[in-house]
Amino acid sequence: MLTRRNVLRAGAAAGVLSTVPASLVIGGRSGVARAAESPFRVPLKVRTPLRPTRLAGHDFYRLTTREADVTLLPGTRTRIRSFNGVMSPLIVARRGRPVVIEQINSLNVPFSMHLHGGHVPGGSDGHPENEVKPGGKRIFRYPNQQRASTLWIHDHSHHSHAENIYRGLAATYVLTDDFEDRLPLPKGRYDVPLQLRDAKFGENGALDWDLHDFEGRHTLLVNGSPRPYFEVAARKYRLRLVNTSNERLFLLQLGDGEEFTHIGTDGGLLPAPVPARTLQLWPGERHEIVVDFGRYAVGRKLVLNNTYPYEGEAPEVMRFDVVRNAPDPSSVPATLRSVPDLGTSAVEREFTLSFNARTGEHLINNKPFDTDRVDIRPRLNVTETWRITNADTQFGIPHSLHPHLDAFRILDRNGEPPAAGEAGLKDTITVMAGESARVQLRFTDYTGRFMYHCHMLGHLQMGMMGQMEIGR
Ligand code: C2O
Ligand code: CU
Ligand code: CU
């Protein structure tokens, strides 16, 4: 239920994150969820990439969306909605080499596949009007003509996306390129995608689904495993964090506030590495960090905590167990990747995000989504500035905005330049109640209809989406 207390609390999370009271964290330790499930019982599943058919000119995958019974909690089976029977699979793609996916829908609900962060033509973007009905199929073409970054594939169907994603339809999509290969960052088995999300399980291991009960999802899953442990070598790792939750903010902290290096965000590497001790990971966002386990002796165990748990909930997300020594030729260079210059904006737009308590609708510029309405008409190659204002001062609900097709850079938040960790290319930005941010972006290459929306999936389902027709 969306109650006043819930939203106020969500707002508090947003406001002054650095001062989240310790009592909340400790309060979580004695909760019900804690008793039900002790952490670190299962190893992390490090995903090996799905194997494409290598054809001349592109990599081909067949992804069947279907129900599957898998083990998420030890000793029980859980029915999920999956790609090819797997929870949170991984695709690794290469810049300049297109990926073509034939998606076959064997679910009994519609499905619309979207590559979040992907620069892809309209017909392959998962627009709800291109939903694949049960029993149907569709070809998706991802050109991969964009810089290396961590993306993800998820459902975008009109009425069931939040539930489909909750039930498992989220894949990680890592795009690599020559530029990153030349950097000495950790590679290969030391470069690990981690899909973070929450879930609520019933007695029998079934996934409980209620769009509004986002605070009742007390089990945290990493790559589909509940609060797993991960045996690591005493050296540096690159961790690609993806938040595939419907609504949860992860406020991450390592051990007792150990330092790590923030190297990337939604659109790829930051201009420069940023030493950090906490990280906000909002729904839909990706952040990449390098953790140097070489600082610790073999035998050390470091917990990754979510320091903003819901009431009655344990903070542990996963644990890193340093179990062996290993050589470490990797390093984090002092500069990473510069952000492209988007020039001067020729168009300014306002996006006001709000909640209508009377109707329960979440709105952009006072309107709920309407398939038949085009909200804005950007032109190809024309730079725009968008001001995003969260007007939910009554309830304090945080909102985000995610335009499809192209990433943006943040110009300012409440008039202040972005923090170093937000200075890279982004495609999803969260704005707290009563605050505003300006971003600069330019749509390129593809005309047609694309969406922009809040990535809190409950809000999206309740109308917080707009449509743009990109023209010449
Ligand atoms: Cu994750 Cu419309 O996006
Ligand atoms: Cu997207
Ligand atoms: Cu929202």
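The values are calculated or read from the model by the stated rules, or taken from the named source; none is laboratory data. Keep in mind it's a predicted model, so treat the numbers as computed, not measured. Here Cβ is always computed from backbone atoms with ideal geometry, including for glycine, and neighbour counts include all displayed protein chains. When the accessible area is computed, the model is the full protein with side chains, heavy atoms only, and any ligands, DNA or RNA have been set aside. Shrake-Rupley method; radii C 1.70, N 1.55, O 1.52, S 1.80 Å.
Per-structure values
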read-out	value
Karplus-derived 3J(HN,Hα), 6.51/-1.76/1.60, for each residue of region 454-460, Hz, glycine and proline x	6, 9, 7, 5, x, 5, 4
Percent RCO, i.e. relative contact order, over the chain, from Cα pairs under 8 Å lying at least 6 residues apart	16 percent
Per residue solvent-accessible surface (Å²) - the chain, probe of 1.4 Å	38 Å²
Other-chain or far-sequence residues with amide H under 5 Å of LEU380's (modelled H)	GLY471, ARG472
Largest-first ordering by accessible area, 1.4 Å probe, given options GLU163, GLU67	GLU67, GLU163
Kirkwood-based shape ratio for region 123-202, expressed as Rg/Rh from alpha carbons	1.05
Scaled radius of gyration (Cα, divided by 2.2 N^0.38 Å) that region 347-470 gives	1.01
Solvent-free Debye scattering, log10 I(q)/I(0), computed from the Cα coordinates of region 263-413 at q = 0.12, 0.16, 0.19, 0.20 Å⁻¹	-0.80, -1.14, -1.35, -1.41
Förster radius 56 Å - calculated FRET efficiency between HIS159 and VAL323, Cβ distance, rounded to 0.05	0.75
Rounded D (µm²/s) - region 231-291, Kirkwood Rh over Cα pairs, Stokes-Einstein at 37 °C, 0.692 mPa s	271 µm²/s
Dimensionless Rg/Rh of the chain - Kirkwood Rh, Rg from C-alpha atoms	0.93
Heavy-atom accessible surface of region 32-82: percent carbon and sulfur, 1.4 Å	52 percent
Percent carbon-and-sulfur accessible area, region 208-348, ignoring ligands, DNA and RNA, probe 1.4 Å	48 percent
Longest to shortest principal axis, alpha-carbon extents of region 274-344, angstrom	51, 42, 17
Helix-only [θ]222 nm of the chain, DSSP H runs n ≥ 4, -39500 (n - 2.57) each, per residue, nearest 500	-2000 deg cm²/dmol
Cα-based Lys proximity count in the chain, under 24 Å, for pairs eight or more positions apart or on separate chains	8
Highest-first arrangement of 403-414, 354-365, where packing means the average Cβ count within 10 Å	403-414, 354-365
Size of charge dipole - the chain - debye, nearest 20, with Cβ of Lys, Arg +1 and Asp, Glu -1, no other charges	1100 debye
Calculated P(r) of region 184-284 - Cα pairs past 24 Å, %	30 percent
Cα-based Rg and Dmax for region 423-472, where Dmax is the largest Cα-Cα distance (Å)	12.9, 35
Estimated dipole of region 51-143 in Debye, rounded to 20 [Cβ of Lys and Arg +1, of Asp and Glu -1, Cα centre]	320 debye
Calculated P(r) tail over 15 Å for region 352-412, as whole % of Cα pairs	60 percent
Region 53-182 - Debye-derived log10 I(q)/I(0), Cα point model, q = 0.13 Å⁻¹	-0.52
